[in-house]
1. Quick one: count up the residues across segment 410-424 that are among the small types (Gly, Ala, Ser) and touching a helix residue (DSSP H, G or I) at 6+ places or on another chain (Cβ under 6 Å).
2. Within segment 686-700, which residues are assigned to a loop (DSSP other than H, G, I, E, B) and either near ligand 2 (Cβ under 8 Å from one of its atoms) or in the same structural domain as residue 89 (by TED's automatic domain parsing) (or both)?
3. For segment 177-202, how many residues meet the condition of being more than 15 Å from ligand 3 (Cβ to nearest atom), of a type in the set (A, V, I, L, M, F, W, C) and over 23 Å from residue 441 (Cβ atoms)?
4. Grab the helices (runs of 4 or more DSSP H) fully contained in segment 164-254, keeping just those with 2 or more residues being surrounded by 24 or more Cβ atoms within 10 Å (Cβ to Cβ) and of a type in the set (A, V, I, L, M, F, W, C).
5. Listed residues 65, 104, 92; which is in the same structural domain as residue 557 (by TED's automatic domain parsing), part of a helix (DSSP H, G or I), aliphatic (A, V, I, L, M) and at pLDDT 95 or above?
6. Could you identify the single residue in 538, 527 that is within 16 Å of ligand 2 (Cβ to nearest atom) and either surrounded by fewer than 24 Cβ atoms within 10 Å (Cβ to Cβ) or touching a residue at least 40 places away in the same chain (Cβ under 8 Å) (or both)?
7. Answer yes if at least one residue in segment 312-330 is free of Cβ contacts under 8 Å to residues at least 12 places away in the same chain, within 23 Å of residue 631 (Cβ to Cβ) and of a type in the set (Lys, Arg), and no otherwise.
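The values are calculated or read from the model by the stated rules, or taken from the named source; none is laboratory data. Everything numeric in this text was worked out from a predicted model, so none of it was measured. Note that each Cβ is placed from the backbone with ideal geometry, even for glycine, and that neighbours are counted across all protein chains shown. These area figures cover heavy atoms from the full protein model, side chains too; ligands, DNA and RNA do not enter into them. Shrake-Rupley method; radii C 1.70, N 1.55, O 1.52, S 1.80 Å.
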Amino acid sequence: MATQILNKGVSRRRFLSGMVAASAASVVGTSLLAPRQALAASDSQAKFTGDVLSGSHWGAFRAKVVDGVWVDTVPFEKDKNPTHMIDGVREVVYNPARVKYPMVRIDWLKQGYKSDTTQRGDNRFVRVPWSQALDFFYHEMERVQNNYGPSALYAGHTGWQSVGKLHSAGTMMSRAIGLHGTYLGKMGDYSTGAAQVVLPYVAGAMEVYEQQTSWPLVLEHSDTIVIWGSDPIKNLQVGWLVPDHSPYAYYEQLAEKVKNKEIKVIHVDPVRSQTMKFVGGEQVPVNPQTDVPLMLAIAHTLYTENLYNKDFVADYTTGFDKFLPYLQGKTDGIEKTPEWAEKICGIKADDIRALARQMASGRTQIIGGWCLQRMQHGEQYAWMLVVVAAMLGQIGLPGGGFGFGWHYNDAGSITSNGPLMSGFSGVTGVAPIHNGSFNGYSTYIPVARFVDCIDNPGKTIQWNGHDVKFPEMKMAIFCGNNPFHHHQDRNKMIKAWRKLETVVSIDHQWTATCRFADIVLPATTTHERHDIEQYGNHSNAGIIALPKVVEPMFEAKDDFDIFRDLCRRYDREEAFTGGKTQMEWIEEIYNGARLQGRGLGVRMPNFKKFWEGEGFIDFPAGTEWVRHESFRKEPDLEPLGTASGLIEIYCKTIAEMGYDDCQGHPMWFEKKERSHGGPRSDKFPLHLQSCHPNHRLHSQLCSSTELRGTYSVQDREPIYINTKDAEARGIKDGDIVRVFNDRGQVLAGAVVTDDYSQGVCRIEEGAWYSPLEGGKPGTICTYGDPNVLTQDIGSSKLAQATSAHSAIVNIEKYTGVVPAVTGFHGPTEVTDIDPLFPAMKQG
Ligand SMILES: Nc1nc2c(c(=O)[nH]1)N[C@H]1C(S)=C(S)[C@@H](COP(=O)(O)OP(=O)(O)OC[C@H]3O[C@@H](n4cnc5c(=O)[nH]c(N)nc54)[C@H](O)[C@@H]3O)O[C@H]1N2
Ligand SMILES: Nc1nc2c(c(=O)[nH]1)N[C@H]1C(S)=C(S)[C@@H](COP(=O)(O)OP(=O)(O)OC[C@H]3O[C@@H](n4cnc5c(=O)[nH]c(N)nc54)[C@H](O)[C@@H]3O)O[C@H]1N2
Ligand SMILES: [Mo]
């Protein structure tokens, strides 16, 4: 296992460990060191040398520090399956894209909110003092609140930021902006936007973020495991908190059982995933976006062959009678037979029957991923998966039923008996200064519709049974997220962006979001400040101290200090800090857990001993657990959180919303665009996946130069493409290609592989947007951001979630002059302007 994940980094680490004696500057490169660190040799201040135990979204590690410079990273010894990405974390601190100073876009400095916004993206910025940047920020908030009210200020976006119970960048933003005034908020997220709205109606809970049945029970009881559009081996490398990577041990055991034919694993996926390569098993290479027809045909087989569990359907579900006529074709004239499905999903009718029979032949655990619900009509996939599981009748049994969270946050590990730490809170209870009227506009928007909102003020859309009237957004603040990577249809976004008067971005990497902002503020990384975090996500295996590894680079400040200084400008500093220093907060968070621990019989040392000692506490092991077991055992006493308390195969609440694109039971809807003979495939024949990266966390670590060098192809983001598709286009492995559709174009580096079905290609999300001509809609992306090519439409009126994975493209070998990659070098600093001159004109 360790060799599987820890591949390319090892040699570099050996190389570096032989270099510890060499000077830090020779390892890091002098130009990347902050001035005060470059001065190290003559600096009288003692520079720390030694190991620092710390953590990240990629796991825990020991940072090797020499003379105050982080030179190497060794995985934490308790992590038996570290990810190779741990090698790239050091580069979060040292890379050419670090935001060094507060900066303001040149025309915004000259003209303030009346600036020429078509210049956004040209990347010309002026360095300003911190005090001036924060004055601008504050005056803009005042102006927008006074002139337009709260609906014009958007501070709702959150994202993957960094780990740490105190320094949660998004929470700090909400707290500080919320102390100034109310503002436009958001609903949902990009991850599970469709599933998290539909599943509470169907199964009574979100299902996506919850713990799953303990792996030991699955390994003991399952006969068949169907991994439906999920790649845990790839995706468990990261975690929302510090992952302990403990589930990998179970996947090793699963691989053994597959080898010994004790468990059959079936991967429904158009790609041979990392998980398939790791655990083995068979592939059902379904055509992209057509899993619902496949599931309907499975349900049809279970019904017609009398393989479904009638008692379970009768006792634990409602509405099968309303779904059945659709399955039989009585409502729409189309019987959902395997023959019908074959034509759409590409799987032979007999193979579909065999799959249904296999699933009904013993205990079957269905493991559903999330990519399939990041598509147009993504709700249907989640709903239909539950219906298939309900027909099999094993929900609530160990090793049976469905689960949607297996690839996330150490799921399937056994949760410890330890206490849970609380964190810094986004709300204070202190009244905001501005609490104006929303003037009939909605107070929130579905998050993935935020560009539509900027584009269409005053428009009303449907969402989850509500009318949402888009306000006119004038100012937007981003902190700990990167919309110029995560949002779809980049060229549409660039045009819409011009309507915003002022954009603020707070980050430590000069992302495309910073390039398209007006005020950019440099944050510290986790490794330049103290914090504390849970070790293990669902496992809650312990607590880890995250002490500062190195001093802050350049003029970077902690988000805590940035927002405290902002709050001082409107007399809310005390309310923001709660009268506590950062260290006092960390101690309080720890002590909260310590107190809770006493109730649980878990003894923890006092804070000083913890912080100055090992900086790590192990929690005692917990007990195995079965998802939905209590409901199965006592459906009357432990009903689901649905309207009926049962699994809703038909849902009256959804039916009564009256939406054409999400009705009373799961259905197949054709897509706006689809490969494999679907709409528009004559023009753009290849399905573009933009799955989650194997070598990054979204856009994080993309600016880690050395790590990027291990996977990029001729400096470009890889595009994975099937051998026959490549041959037909005269493309060879390693070629630079142009990927395009009528939304945009990107350059990428071809990786030709039979792991991908014909007609399917992939560029992983998070590849930094690197426009050839910054700010010009339609310009080619020189690195390979897939969101130049994706569609920006809602999944349906129910969830209005992202449909990033409903995208088709074509590819050609690139024969033009190859431009340099533009994305990773930070801003173009304009110095022939006095930054203080225009200050009085603002606000
Ligand atoms: N095409 C396509 N697009 C997708 C997806 C897809 O599957 N396909 N997936 C979607 C999903 S599921 C998600 S979750 C989103 C993820 O989208 P994001 O959460 O926006 O992605 P990240 O790259 O993690 O962005 C986090 C940003 O926070 C910054 N940051 C890190 N630490 C700190 C800090 O301490 N302080 C501050 N101020 N900033 C910090 C990082 O440098 C980075 O720029 O992407 C979505 N976009
Ligand atoms: N390494 C790494 N891990 C991560 C993240 C990361 O950025 N990097 N991000 C984390 C986050 S925020 C999230 S939301 C999750 C995302 O978790 P998911 O959305 O589940 O992950 P993906 O990797 O996008 O896709 C999972 C699988 O779906 C398959 N798939 C795609 N289209 C289809 C289809 O039409 N039919 C079928 N049957 N299968 C299909 C893909 O081939 C892939 O194997 O991952 C988390 N884990
Ligand atoms: Mo996500």
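1. Qualifying residue count for the region: 3.
2. Answer for segment 686-700, where residues must be assigned to a loop (DSSP other than H, G, I, E, B) and either near ligand 2 (Cβ under 8 Å from one of its atoms) or in the same structural domain as residue 89 (by TED's automatic domain parsing) (or both): 690, 691, 692, 693, 694, 695, 696, 698.
3. So the answer is 3.
4. The helices (runs of 4 or more DSSP H) meeting that bar are 169-180, 195-203.
5. When all the criteria are applied, what remains is 92.
6. 538
7. no
Here's the yes/no breakdown for (1) of a type in the set (Gly, Ala, Ser); (2) under 23 Å from the mean Cα position of the chain (by Cα); (3) more than 16 Å from ligand 3 (Cβ to nearest atom):
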{"position": "776", "(1), (2), (3)": "no, no, yes"}
{"position": "782", "(1), (2), (3)": "no, no, yes"}
{"position": "786", "(1), (2), (3)": "no, yes, no"}
{"position": "797", "(1), (2), (3)": "no, yes, yes"}
{"position": "800", "(1), (2), (3)": "no, yes, yes"}
{"position": "806", "(1), (2), (3)": "yes, yes, yes"}
{"position": "811", "(1), (2), (3)": "no, no, yes"}
{"position": "818", "(1), (2), (3)": "no, no, yes"}
{"position": "824", "(1), (2), (3)": "no, yes, yes"}
